[in-house]
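What follows is calculated from the coordinates using simple rules that are stated; it is not laboratory data. Here the structure is a predicted model, which means the values were calculated and not measured. Glycine also receives a Cβ, built like all others from the backbone with ideal geometry; neighbour counts cover every protein chain displayed.
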Amino acid sequence: MSKHTMRAVTIKEFGGPEVLTAEPVARPEPLPTEVLVRLHAAGINPVDWKTRAGQGMAGCRSCR
């Protein structure tokens, strides 16, 4: 991985945990009023796993 990329967990379709993929993406350039931080761990909350499963606003066809 170069200094211009980072790893991100992405979801390209609804489903179970198997739809999560870690892949390299371009590292964003922070604006003058922002900072870029390095993470060693991350977590998820109930909204994240409901979105992955296609529930809530992500799965609401009439909300789009």
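Nearest 500 deg cm²/dmol is fine: what mean residue ellipticity at 222 nm does the chain get from its DSSP H runs of n ≥ 4 alone, each adding -39,500 (n - 2.57), divided by its residue count? Don't skip to the end; give the middle numbers.
Working: 1 runs with 7 residues, N = 64.
Calculated mean residue ellipticity at 222 nm is -2500 deg cm²/dmol.
Arrange HIS4, HIS40 by Cβ neighbour counts within 10 Å, fewest through most, would you? Write out the running numbers ahead of the final one.
Details: HIS4 9, HIS40 4.
The order, fewest Cβ neighbours first, is HIS40, HIS4.
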Check your understanding: Just one of (1) 10.7, 31; (2) 11.0, 34; (3) 14.8, 42 is Rg and Dmax of the Cα atoms in Å as worked out from the coordinates here. Which one is it?
Key -> (3)
